[in-house]
1. Report, by residue number, each residue of segment B:74-121 that is outside any loop (DSSP other than H, G, I, E, B), more than 7 Å from chain C (Cβ to nearest Cβ) and without any contact (Cβ under 8 Å) to a residue 12 or more places away in the chain.
2. Can you tell me which residues in segment B:38-51 are surrounded by fewer than 19 Cβ atoms within 10 Å (Cβ to Cβ) and modelled with pLDDT of 90 or more?
3. Is it true that some residue in segment C:126-147 is over 24 Å from the mean Cα position of the chain (by Cα) and either assigned to a helix (DSSP H, G or I) or within 16 Å of C:Cys104 (Cα to Cα) (or both)?
4. Restricting attention to segment B:136-158, report how many residues are at the interface with chain A (Cβ under 7 Å from one of its Cβ atoms) and touching a residue at least 40 places away in the same chain (Cβ under 8 Å).
5. Tell me which of these C:Val239 doesn't satisfy, since it passes every other one: (1) over 30 Å from B:Leu190 (Cα atoms); (2) in contact with a Cys (Cβ under 6 Å, 6 or more places away or on another chain); (3) among the aliphatic types (A, V, I, L, M).
6. How many residues does segment C:98-113 contain that are surrounded by fewer than 24 Cβ atoms within 10 Å (Cβ to Cβ) and either of a type in the set (A, V, I, L, M, F, W, C) or within 30 Å of B:Leu252 (Cβ to Cβ) (or both)?
7. On the basis of being away from chain C (no Cβ under 14 Å), farther than 23 Å from B:Gly234 by Cβ and among the aromatic types (Phe, Trp, Tyr), does A:Phe228 make the cut?
8. When both residues are 6+ apart or on different chains and their Cβ atoms are under 9 Å apart, which pairs have a first residue that lies in segment C:165-179 and is closer than 14 Å to C:Asn251 by Cβ, and a second that is of a type in the set (Lys, Arg) and not in a helix (DSSP H, G or I)?
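The values are calculated or read from the model by the stated rules, or taken from the named source; none is laboratory data. Just so it is clear, the structure is predicted and the values come from calculations on it, not from any experiment. All Cβ positions, even for glycine, are placed from backbone atoms using ideal geometry, and neighbour counts span all protein chains on display.
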Amino acid sequence: MKLLFTTTSALCLLASAAAAEGTLSVYHWFEYMPQELVDKFTAETGIAVTIDTYDSNEAMLASLKAGKLGQYDVAVPADFMVAIMGASGMLDTFTAEEMTNIANIAPQWLDVPFDQGRKSSIPYQWGSTSFAVNRDVYKGDISSLGIIFNPPDELKGKINVLDSQNEVLILGSLYLGIPQCSTDRDQLRALSEMLVNAKQHWASFGSDTAKDVMVSGDAAAGMIYNGFAAKARAEGANVEYSYPKEGHVLWMDNMVLLKDAPNRDNAIKFMNFLLEPENAAAVTNYAAYTSGVLGVEPFLDEAIRTSPENNPPADATPGVFAQVCDDETQALYDAIWINLKK
Amino acid sequence: MALRSVRHYPGFFSVALICLIILYAPLVVVMIYSFNASPSLTNWGGVSLRWYFDVFTGPEAPRFKAAAWNSLTIAILASTIATGIATAAALAMLRSGKFKGRSLTFALINLPLMVPEIVIAVATLIFFTMVGITTGYLTILIAHITFCIPFAYLPIAARLQGIDGSYEAAARDLYATRLQSFFLVLLPLLAPGVVSGFLLAFIISLDDFIITNFVKGAGMETLPTAIFGSVKQGIKPNIMAISTLMLAVSILFVTLSYLINRKGRKGP
Amino acid sequence: MAGPATDSGSSAESTYRSARIPLLVPTWVMIGVFLVLPVALMAVYSFLTKEMRGGVIWEFSLAAYDQFFVNRGLFGDEPASLEWTYINVFARSIAQAGIATVLCLLIGFPTAWFIATRPPETRGVWLFLITVPYWVNLLIRTVSLRFLIRENGPLNDALMGAGVISQPLALINTDFAVQLGLFYSYLPFMVLPVYAAVERYNFTWSEAAADLYASRWVVLREIVLPIVKPGIIAGCLLVFIPSLGAFLAPNLLGGAKSFMIGSLIDEQFKKSLGNWPFGAAVSMILMSLVLILLLLYARSTARQERP
């Protein structure tokens, strides 16, 4: 036992000694960044990268709030979480001079609502959320969110929805034409009733399983992220991803500079590194979503560059990001979600 | 004949067989699909070893190797220490007479069972931060020992309750010290309980995700955190290959323990 | 405690009297420091004000308990009435965990008995065989179980092939699937403690009873069960309590259409509801319920142990 404690503390000492030499501590999703890219960064800069992982935006927020802030240099939250973290002072800012590659960010992703002018974050990957349908089961029109919220008979009882408040409530609001963060009681009541009615036609709630239930045939239609739909198709399921006429949800994962980053300079170097088109493309080729960086096309795999999931038709209704509502309004949406799942 | 008839209840053997079938049926699926040529978990694409190559030579191979190593060493250390602590506690609870606070201690021992894991996870991380302990291997180990204690304690205590105290009393009458009578008389009698407790603590530690996910530090990964963390890519058959390899290791352990046991029994 | 096993003299009952404190110190330290203190912190959190989407504000508030027990409608302006939502969540979880425990006992007890009647040198191997499947992660095992029982899965294929059923059984996304999943998740936690108790059983007692013309089932009920009761109770605790807070089986096999205690608490810390005080409060309520149960049990055994 004693030996173990000594070795462990020796290891800790080693780790902190190395931190002064040049390390980078990344808080990231598991399997969301190719190891080759990390190795390339280390080879180019001599900075050793340690990666710690989390499995949901909220879990990351919780563990940072519980005391891990100050241990990591960068993290990769989704759009709405960038806004929340920014508002609670968990992010550091950088200047345009420091972020030399900031011009590589595609213009439409520069002035985003969750980080105006990109002062704390850079785009990592983005994608959309709507739904996919197994074309062997249902051959009709799938251009409306009604497939999920008022399904045709063929699909009743065979629908999986994401087990995620944001996605379900926003897609439901889009279906009814209600704005996000509404405080209009009639609208909210209508949303709640519509969802409770629709629930009887749903087979299951599941986010991590959204792809697998489509591939196995357990579900014939389901809310799904575009990347998961592409993977389901690649695994042999005859699924079609829809960009519904009512709109869809956009999401973007961003790399943020955390407050009290122990290796701030290295973090900036890493973010600049990820803004190089070749490196951004490497992430996209691995994760199969879309990069927010200009000039990645020459480096992309053909299948990813041309996939129907990643390339909405020109006349598709544009997607919307999740808005962060004020506390009182959010409490109403929380109540609707609890009511739906009680 | 009388012995046979009272030992054996009709149907018990079939139930045990059903039990094993239920336990192993899902594993057959795991083993078969670890050889799947397709990247799918559910669609069969022909036989292939690609996921085994991925596990050993793929870009993520070092991380999975480290994760498996961490998981196994933490499980062995945590369950061993927890079993020791639980055995001591069981002796005090059942072999030291009645005392004030016995019910309270019983509740304390079982507390890790009662508190939902996510609450332990968040609360423990806040606690570690408050007292200034950096998260890492040691914090995972401490947390695992703590929640393993009731899993080790309950089988050991159940066993101890069934052991007649007169064995030890006889040993003491023959001038055995308390230590001698424990190790030479009580422990062999207690062994099935200790082994059961150790095995339960071991599998509960090996499987833990929620608490580990919060109290682990930078660069630390265990197999469960790697498996549960695969939300961005979805679970791939490489996890099936890793699981099959873990099974192989465990079966190796079983065989070894059987051989050692048999050899020990054949000896003098 | 009744039965031949415990009629020992009171001196043996207190062999370790003088060593009591040192024997208990490791437990007190580990659980007292690394669990009681954090849990006490959570108890405090349950009386604080929530910070939206995770975290607490250090201001006293009963909002969490109010949310649990009092219903004021969707918009919080209706007259207060008893809130059934969370009581139902508890009732649902208790029922599922209870059924899973009974299933574990029905399968686990005969299995433990069977192992205990094997030759001594093979018993260890049997114990290992019961725990080997648990070297594979729970998530993977649950996913595989899902694969087996799904509508066009191997189980339905086999049953239909054998002509037992004519239409596939709709097992997936049902309550039964959840119970099956919980049963599968915790089976060894029943088998091993029961085994530890049964192994000690002296079969000559059965023979003596059989000589007096007691049937096997009477022997089982009147002699065996009282003796192995500690093992059964330990097994039930190890299956029932963790099942209450489990969320993997309900989510993956049951379809997660309704909250269970586990997923309700999980949502407060790891998902969008982000209400730490409420999550802490639900945990405290759950903990109190189980604690009362345990203390009642501890008291009843203490009373029985008196000569």
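1. Once the filter is applied, which keeps residues that are outside any loop (DSSP other than H, G, I, E, B), more than 7 Å from chain C (Cβ to nearest Cβ) and without any contact (Cβ under 8 Å) to a residue 12 or more places away in the chain, segment B:74-121 yields B:Gly84, B:Arg102, B:Leu104.
2. B:Val47, B:Ser48, B:Leu49, B:Arg50
3. Start the filter on segment C:126-147 by keeping residues that are over 24 Å from the mean Cα position of the chain (by Cα), which leaves C:147.
Applying the additional criterion that residues be either assigned to a helix (DSSP H, G or I) or within 16 Å of C:Cys104 (Cα to Cα) (or both) yields C:147.
Yes, segment C:126-147 contains at least one residue that is over 24 Å from the mean Cα position of the chain (by Cα) and either assigned to a helix (DSSP H, G or I) or within 16 Å of C:Cys104 (Cα to Cα) (or both).
4. Result for segment B:136-158: 2.
5. Only one criterion is unmet by C:Val239, namely (1).
6. Here is the first cut: in segment C:98-113, the residues surrounded by fewer than 24 Cβ atoms within 10 Å (Cβ to Cβ) are C:98-99, C:102-103, C:105-107, C:110.
In the following step, the residues that additionally are either of a type in the set (A, V, I, L, M, F, W, C) or within 30 Å of B:Leu252 (Cβ to Cβ) (or both) were identified as C:99, C:102-103, C:105-107, C:110.
Total meeting the criteria: 7.
7. Working: away from chain C (no Cβ under 14 Å): yes; farther than 23 Å from B:Gly234 by Cβ: no; among the aromatic types (Phe, Trp, Tyr): yes.
So A:Phe228 does not fit the description; no.
8. C:Ile172/C:Arg150; C:Asn173/C:Lys257
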